[in-house]
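All remarks here apply to the structure that follows.
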Amino acid sequence: VVLTSPLAFDPEVVSRIAAVGGRKHAATVRGLLDPAGDLLKGASLSLQPNTGGISAAKMVIHELMPKFTTQVIDLLEAKCFKFARQSKGLDMALLAATREEEHQEIIVMLNKAVSYVMGYVFLDRLDLEGNPDLLQTRYPHLMDMYELIKDDSLDEDEEDDIPKILKKQKIGGDDAPYEPLPPPDAALQVQEWILRLCHTVRNQAFLGTPKLEILQGFAEEKGEGFDRYAMLFQEEDSERTKWSACRAVLNILQELLVRNDEIEEEWASRIANSSFCQSGKLNITYVTQKASLFSPFSFGEGGLNASRLRRFFVEAQVPEVDPLMLVSVLLYHPQAAMRLEAFTLGCRILRDPNPNLQEAYKGHTEAQMHLQKAMGYQFSSFQSCYRKAVYTDNDVDMMAGMLKLIQQLCEGHKADLQEFLGEDYTAEVLNIFSKKQTYDDDDDDNKKDEPDDDDEDTSGEPNNIVQWTSQMIKMILSSMRSAQDWQASMEGREKQYILVQQLFETAAELIQGPNRANQALLLENDICADVNRLWLIVRIDEFAFRGLIQDNEDLFDSWMDLLKAMRLAEVAALRFLLSLHEEEELDEDDAEFAEMAEAVIEHKTQTVKRMIEELSPKALADKIITHWNLSKEVDDLKYYIEPRKEEEENIEYDTADKVERPKREVQCETYVLEEQKDDCLEICALCYSVFMAVYFAPEARNPLYKQIQIERIPDPTRKLFTFNTWSSNKTKVFDHFLETVAKTRNEKYLHFLFGQVEIQRGSRLQRMFFVVPPPIRTLKDHPLVHSWQEKCQQEVDRSSPEAQIDSFSDAVMAQYIPFVLTQYELLNNPWPFNKAGEVISFCMKTTMFTTCIINAILVNTYTGSYSHHSILNSDLHFQNHVWIYLLTAF
């Protein structure tokens, strides 16, 4: 009390208290107090005997106090903020994301208001004039859909269940009752609220804050030190508060676009495949229907309200803005956390493919809202921070969010958006990243034929989003590999793997469809060699960190999170490799069919050649066996496959080394064993698919394969492989895997795990690989499923190839898939109800067996004939009474 309020006491009192307190504190640390509370005679306060000469003061300051502070902070966070998972010490990110209870109440109120309005919009888009009775008459099958939307809008505090915020008070004083707004006015009111929130965020976020020089591009200042980056951590309190408020408002917009699983499920079954979606009256999902309503200036869903909604911005003399446009606007903000929230909002808007919402971003090419250049700036800025090791977790999360937005822009194989992201965004402003502008003069016409040095990007950085994605992959993986040469540290490793996973997922979406130009851009940047590097990094990390946690159990939870991120990164990279094999579908009636077919064949041959020469066949084949042994297929060790390893070979980080799952990983509750095994099986299947796709590609045996010469980026560490290397590893490792599975299981066993189908691409056949869905994998040995398959083979129509395909497809869609899904659901029931299929099969076989025995007995022992005696008098018809007892028993 005295020391915390020294001005309330005399100086002499304070001095004596401080002296006594110091003596007692020192004595407590030493354990030198006698029962009376005084120091023992001869006690030394300078050193503590068991600390190797470390003074008590230093031990308190540098060891005990930090530990105590960390424990108190963790306890407060767990008890007060209910953080489920937290790191040691102060969790700034979790605290910054914590909202007040009122924040959630606002979200609930707005969600109810939005659902109320969506009920009206649903009727209006069906041309029912907002009348639910007409819906019952014209579209009775949609009544359940409408009722779900209305139920989501119910305000239990109101007698009429209409949200209170959509009511206005009648004229007549403060005691006058409230009446609900007419549905059209309520819809306008909600749209205005959304747009005003967007305007507020835009206005406050940049109030007194300079925007990033996006058009000039990111450029590093020469001679800069850490002082420049220290400003990232020294935001003014006023700005921090203002930006935090903006992020809270952005969070409200994000929460309004959260999926309602019950409504989405009904929408998918009733609306998604109906003519209403095909005609454009309704969107494929309910959440994109809301996103369309919220973005009237981007999508044109404002309808008759568009002019009234625009009036506010005209009167305020500010540009229009809606949630979709706000995403691109906020990319000019200097704070990474703000840009992260913007990307999160964009991902919510584009969560489900919607051509109109996706293509709206193609119009963001203005000076204050240039999407491509803003993304290029983010890439360049992050690259600079990453190389100097001055980046924060917010920077990494922001980059992952931007990559996710790029992925969703291309979702649904949007070729025009893939081209949009693959085109040169510096074409209009030259040398964007070197801050050198090219100015025209009166003599420009006379200089057309003269070489212009400014036409080249002197910074050497990419000028399109596709190449930036590849360069980020290369930079992250190179950094991870370099770190492994120093020491094994898990700090920041999980974030890196998550970012690598998102990079490969984005790269896959940029080329699927396929987009031949983007495929070529990524291949030219040696992305196959980057996949090789990822396999090596994963192998080193897996062995190093498993050894690390042997001596440090506190790191186990972090290791399991890291292991999951590693597995998902591998899955994303392998799926990307399969995407490189996609081919265009050409029309044989096209006038340019011959030229296009030649270009497709040449591109595919180059792709196959790059994959053969740049991917390690040994690593790929070894991963098949390694992850097979870690999957549920080897729960019984008799199915274990011994890795093929040459005894005379001494390979560093050999991919054929055994990987064993420790007991602690089996008992993990965060990354559960079932999930671990499923991920390993998927990696095994994808490696199998990539090996099959590359080795058995017909392009590898064409004369063109040998004629093509590939120019590569000089790299002294690069190792190239040959087709003979692939053949050798196929014989030693891949065939060993196939033969062992066929021997221990059966020859067709893998068909129920790793699927493949051939698709006609004009005059060519493209082989596609996929992982068989879990229900079919689980029920591959189910007796009733086998019975159906045998029956299908006998009953399929073979009158013509077309009839055979149609008959088989109809049987699979109408019978096989529903039957398998039903049996798979039964497996989740408690025993013995999860054995219904086995019981039915057993009963069928038993019935057939007993019927055969009864008939055999009757044929061999029955000697009676027609008689006037009662049929129940069976003694007249058998020579021995034993047969009667036996038949009765059966």
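Out of region 103-141, which residues are at pLDDT below 90, small (Gly, Ala, Ser) and under 16 Å from Phe294 (Cβ atoms)?
none
Could you check Cys668 against (1) open to solvent by 40 Å² or more (accessible area, probe 1.4 Å); (2) in contact (Cβ under 8 Å) with a residue 24 or more places away in the chain; (3) farther than 25 Å from Leu577 by Cβ and say which number it fails?
Of everything listed in (1) open to solvent by 40 Å² or more (accessible area, probe 1.4 Å); (2) in contact (Cβ under 8 Å) with a residue 24 or more places away in the chain; (3) farther than 25 Å from Leu577 by Cβ, Cys668 misses just condition (1).
Can you tell me which residue is most open to solvent (accessible area, probe 1.4 Å) among those in region 271-288 that are at pLDDT below 90 and not in a loop (DSSP other than H, G, I, E, B)?
Gln278
Which of the residues that make up region 720-756 are free of Cβ contacts under 8 Å to residues at least 12 places away in the same chain and open to solvent by 50 Å² or more (accessible area, probe 1.4 Å)?
If the condition is that a residue be free of Cβ contacts under 8 Å to residues at least 12 places away in the same chain and open to solvent by 50 Å² or more (accessible area, probe 1.4 Å), then Asn724, Thr731, Glu739, Lys743, Asn746, Glu747, Lys748, His751 are the ones that fit.
Which residue is modelled with the lowest pLDDT, if the candidates are limited to region 542-567 and must be among the hydrophobic types (A, V, I, L, M, F, W, C) and within 15 Å of Lys623 (Cβ to Cβ)? Working first, answer last.
To start, the set of residues in region 542-567 that are among the hydrophobic types (A, V, I, L, M, F, W, C) comprises 543-545, 548-549, 555-556, 559-560, 562-563, 565-566.
Next, only the ones that are within 15 Å of Lys623 (Cβ to Cβ) stay: 543, 566.
Details: Phe543: 90, Met566: 95.
Selected residue: Phe543.
Whether any residue in region 87-102 is assigned to a helix (DSSP H, G or I), within 30 Å of Leu293 (Cβ to Cβ) and at pLDDT 80 or above is what I want to check.
So in region 87-102, the residues assigned to a helix (DSSP H, G or I) come out as 92-96, 101-102.
From what is left, the residues that are within 30 Å of Leu293 (Cβ to Cβ) are 101-102.
Now narrow it down to the ones that are at pLDDT 80 or above: 101-102.
Within region 87-102 (the criterion being assigned to a helix (DSSP H, G or I), within 30 Å of Leu293 (Cβ to Cβ) and at pLDDT 80 or above), the answer is yes, since at least one residue qualifies.
Could you list all residues from region 103-132 that are outside any helix (DSSP H, G or I) and surrounded by 15 or more Cβ atoms within 10 Å (Cβ to Cβ)? Explain how you work it out, then say what you get.
If we filter region 103-132 for residues that are outside any helix (DSSP H, G or I), which is where we start, we get 126-131.
Within region 103-132, Leu126, Leu128, Gly130 qualify.
So which pairs qualify, if the first residue must be in region 49-73 and at negative phi and at pLDDT 65 or above, the second must be of a type outside the set (Ser, Thr, Tyr) and open to solvent by 50 Å² or more (accessible area, probe 1.4 Å), the Cβ gap must be under 6 Å, and the two must be at least 6 apart or on different chains?
Thr70/Lys88; Ile73/Leu90
Could you tell me how many of the residues in region 244-270 are more than 25 Å from the chain's Cα centre (by Cα) and open to solvent by less than 10 Å² (accessible area, probe 1.4 Å)?
1
Being more than 15 Å from Ile498 (Cα to Cα) and in contact with an Asp or Glu (Cβ under 9 Å, 6 or more places away or on another chain): is that true of Arg546 here? Let's see the steps before the verdict.
Numbers: more than 15 Å from Ile498 (Cα to Cα): yes; in contact with an Asp or Glu (Cβ under 9 Å, 6 or more places away or on another chain): yes.
Considered against the rule, which asks whether it is more than 15 Å from Ile498 (Cα to Cα) and in contact with an Asp or Glu (Cβ under 9 Å, 6 or more places away or on another chain), Arg546 comes out as yes.
Quick check on Leu293: is it at pLDDT below 90, closer than 24 Å to Gly412 by Cβ and more than 24 Å from the chain's Cα centre (by Cα)? So that I can check it myself, show each step before the final result.
Values: at pLDDT below 90: yes; closer than 24 Å to Gly412 by Cβ: yes; more than 24 Å from the chain's Cα centre (by Cα): yes.
In short, yes.
Looking at Phe890, Phe842, can you tell me which residue is touching a Ser or Thr at 6+ places or on another chain (Cβ under 6 Å) and either at pLDDT 70 or above or open to solvent by 70 Å² or more (accessible area, probe 1.4 Å) (or both)? Working first, answer last.
Values: Phe842 fails: touching a Ser or Thr at 6+ places or on another chain (Cβ under 6 Å).
It is Phe890.
Which of the residues spanning region 501-559 are within 24 Å of the chain's Cα centre (by Cα) and of a type in the set (Gly, Ala, Ser)?
Across region 501-559, the qualifying residues are Ala507, Ala508, Gly513, Ala529, Ser558.
Between residues in region 548-560 that are of a type in the set (Phe, Trp, Tyr) and residues that are in a helix (DSSP H, G or I) and open to solvent by 50 Å² or more (accessible area, probe 1.4 Å), which pairs lie under 7 Å by C-beta distance while being six or more apart or on different chains?
Cβ pairs passing all conditions: Phe556/Arg664.
With at pLDDT 90 or above, farther than 30 Å from Arg85 by Cβ and not basic (Lys, Arg) as the only criterion, which of Ile612, Ile537 stands out?
Details: Ile537 fails: farther than 30 Å from Arg85 by Cβ.
Checking each option against the conditions leaves just Ile612.
Take region 541-571 and flag every residue that is part of a helix (DSSP H, G or I), open to solvent by less than 20 Å² (accessible area, probe 1.4 Å) and among the aliphatic types (A, V, I, L, M). Lay out the reasoning, then the answer.
Initially, region 541-571 is screened for residues part of a helix (DSSP H, G or I), giving 541-548, 553-571.
Right, trim to open to solvent by less than 20 Å² (accessible area, probe 1.4 Å) and you get 541-542, 545, 559-560, 562-563, 565-567, 569-571.
Hits for region 541-571 are Met560, Leu562, Leu563, Ala565, Met566, Ala569, Val571.
The values are calculated or read from the model by the stated rules, or taken from the named source; none is laboratory data. It should be emphasised that the depicted structure is a prediction, and the values quoted were computed from it without experimental measurement. Counting neighbours? That spans all protein chains shown, and the Cβs are built from the backbone with ideal geometry, glycine included. Remember, those area values only see protein heavy atoms, side chains included, never the ligands or the DNA or RNA. Shrake-Rupley method; radii C 1.70, N 1.55, O 1.52, S 1.80 Å.
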